[in-house]
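What follows is a short report on a single structure.
Taken together, the values in this text are just the output of simple stated rules run on the coordinates, not laboratory data. Source: prediction; values computed, not measured. Neighbour counts run over all protein chains shown; Cβ positions are idealised from the backbone, glycine included.
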Amino acid sequence: MEVQSLTDLETRINSVRDRINAACRRSGRAPEEVTLVAVTKTVVPATVAEAYQLGIEVFAENRVQEALGKIPQVCTGPQWHLIGHLQSNKVKKALPLFSLIHSVDSISLLETLQREAAAQGITANVLLEVNISGEVSKYGFSPDQVATAVRVAIGMGNIRLCGLMTMAPFYDNPEDARPVFKGLKELFGQLRSQEAPGPYWRELSMGMSNDFEVAIEEGATMVRIGSAIFKGC
């Protein structure tokens, strides 16, 4: 796998940032409200380091095993998030690697995270993954299960509940994903008013390379961008 040229990488990053800024302007938001999370699945460490030098500060991996081999090879400084499904038997290794886990999708995983975070003497920052679209192939709580998960999480001493995450179905027309993002934003607001999830309840992780502009227009605070930055890596 070849390392992508710096010039091409810089062009792609600048293009994504321009699109984020434009989406923020359309929705009356400040660009600083949206964190670009660069997804580095299959991307070589040298390219990740170049992206960091070009100003990206937050990166994400889908799998703990790939992250274990990659993160030590990248320069120090970036934040790392986990966005893929987390198996309970990988929690112990995941916690020291990631500053935020986007993909908490069950009460049992919350319990494992609490137990292991307590053992390590740390606080785990988490988002609850919600299957807004109802696709059977996707992980996540159903919308009517999330309130219970919030109540469980806020009672855990080593869990910091930061918000929600979802994955929309892939559509040729990104506009078709808008109801998914709108639904997550509405659920986020309902939970804030009804469950009082705490001061860190501020993140909406939604939107990927094919639909992140629509997600920003609907309130995303984090967008997970892989191929639009690293295509060809």
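Structural remarks
- Gyration tensor (alpha-carbon) shape descriptor, the range 133-174, a/c threshold 1.5: prolate
- Per-peptide packing, taken as the mean over residues of other Cβ atoms within 10 Å, places 203-214, 17-28, 152-163 in the sequence 203-214, 152-163, 17-28 from highest down.
- Net charge, A22 excluded, C-beta distance under 12 Å - Lys, Arg +1, Asp, Glu -1: +2
- Each label was represented as a point 7 Å from its Cα along the Cα-to-Cβ direction; for E66 and S209 these points are 1.2 nm apart.
- Which listed pairs, of K70/K90; K90/K231; K41/K70, have C-alpha distances above 18 Å, in listed order: K90/K231
- Sparse-neighbourhood loop sites, chymotrypsin sites (Phe, Trp or Tyr not before Pro) in the range 153-184 - DSSP loop, at most 16 other Cβ within 10 angstrom: F170, Y171
- The length gained on full extension between S88 and D18, counted as 0.36 nm times the residue separation minus their Cα-Cα distance, comes to 21.4 nm.
- Cα gyration tensor category, rounded, prolate or oblate, for the chain with a/c compared to 1.5: oblate
- For the listed peptides 222-228, 71-77, 115-121, a ranking on the average number of other beta carbons within 10 Å per residue, highest first, reads 222-228, 115-121, 71-77.
- Choice from G84, G55, G219 with maximal GNM fluctuation in the chain (Cα, 10 Å cutoff): G55
- Interchain or long-range residues, amide H under 5 Å from I159's placed H: A124
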